[in-house]
């Protein structure tokens with residue numbers, strides 16, 4: 001246990017971790033406490049000024065703005081619908097969690113339960129919290145530079161706009177004569193500014209599938225993806 005080690009040794013250990021991660025993300029914090037907060041899950045401490053939740057809230061918005069601007073500049077001939085589909089694929093939980101893994105953030109998260117390290121939702125939140133921390137510490141341009149360096153390649157790999165899951169499900173439902181997919185709000189949790197929505201999608205005589213996310217749209221997309229999997233239809237992202 002950490003409390004069995006001398007305080008000086010703990011501080012030095014944390015300093016080494018911070019230095020290694022700063023090298024990995026190519027950004028050196030002026031206030032390293034922001035980095036530590038960005039890596040601290042609420043299971044470790046419920047104190048809002050010590051865990052990552054507020055930074056994640058901010059980083060989510062910074063990421064969204066920067067990715068939207070990148071897409072706007074890179075694809076000047078895309079209509080709004082195509083830009084939206086690209087955007088959803090780049091800021092979705094799975095993609096952001098993959099970026100977190102590429103930065104090995106899972107190794108540095110401070111959690112009470114080790115299983116949380118491999119949780120996509122947690123990894124996504126930590127990555128967004130890191131973006132928020134960089135924004136607070138170094139300003140918008142530093143945050144934008146970080147996002148550009150880790151999302152530009154993802155954009156380049158997908159030159160064609162992805163077909164979103166809801167559209168794909170509607171098309172396959174027509175082919176299979178399943179009718180129109182019906183989406184329903186199952187539950188809502190969290191605060192007004194940080195809600196989590198739980199949505200279901202169903203057809204007559206087909207087992208409903210469920211999704212969750214920070215908006216109804218995101219939750220519906222996840223539910224649609226799960227329905228496609230349930231129907232045995234591959235969905236390229």
Open item on the list: I need the full set of residues from region 65-78 which are within 29 Å of residue 33 (Cβ to Cβ) and surrounded by 15 or more Cβ atoms within 10 Å (Cβ to Cβ), in order please.
Closed with: 66, 67
Open item on the list: Whether any residue in region 55-64 is within 15 Å of residue 25 (Cβ to Cβ), outside the structural domain of residue 213 (by TED's automatic domain parsing) and touching a strand residue (DSSP E or B) at 6+ places or on another chain (Cβ under 6 Å) is what I want to check.
Closed with: no
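Return a yes/no flag: does region 113-120 have any residue that is exposed (fewer than 15 other Cβ atoms within 10 Å of the Cβ), under 17 Å from the mean Cα position of the chain (by Cα) and over 11 Å from residue 25 (Cβ atoms).
yes
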- [ ] For region 108-130, enumerate the residues that are without any contact (Cβ under 8 Å) to a residue 60 or more places away in the chain and closer than 23 Å to residue 145 by Cβ.
- [x] 123, 124
Open item on the list: So for region 165-182 (the condition being within 21 Å of the chain's Cα centre (by Cα) and modelled with pLDDT under 95), does at least one residue qualify?
Closed with: yes
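Where residues in region 24-40 are in a helix (DSSP H, G or I) and within 20 Å of the chain's Cα centre (by Cα), which of them is surrounded by the fewest Cβ atoms within 10 Å (Cβ to Cβ)?
Here is the first cut: in region 24-40, the ones in a helix (DSSP H, G or I) are 24-25, 32-38.
If we keep only those that are within 20 Å of the chain's Cα centre (by Cα) as well, we get 24-25, 34-38.
On the way: 24: 14, 25: 17, 34: 20, 35: 24, 36: 18, 37: 24, 38: 29.
Within region 24-40, the match that is surrounded by the fewest Cβ atoms within 10 Å (Cβ to Cβ) is 24.
Mind telling me which of the residues 78, 98 ends up being outside any helix (DSSP H, G or I), in contact with a helix residue (DSSP H, G or I) (Cβ under 9 Å, 6 or more places away or on another chain) and modelled with pLDDT under 95?
Result of the check over 78, 98: 78.
The values are calculated or read from the model by the stated rules, or taken from the named source; none is laboratory data. Just so it is clear, the structure is predicted and the values come from calculations on it, not from any experiment. Quick reminder, even Gly has a Cβ in these numbers, built from the backbone with ideal geometry, and neighbours come from all protein chains shown.
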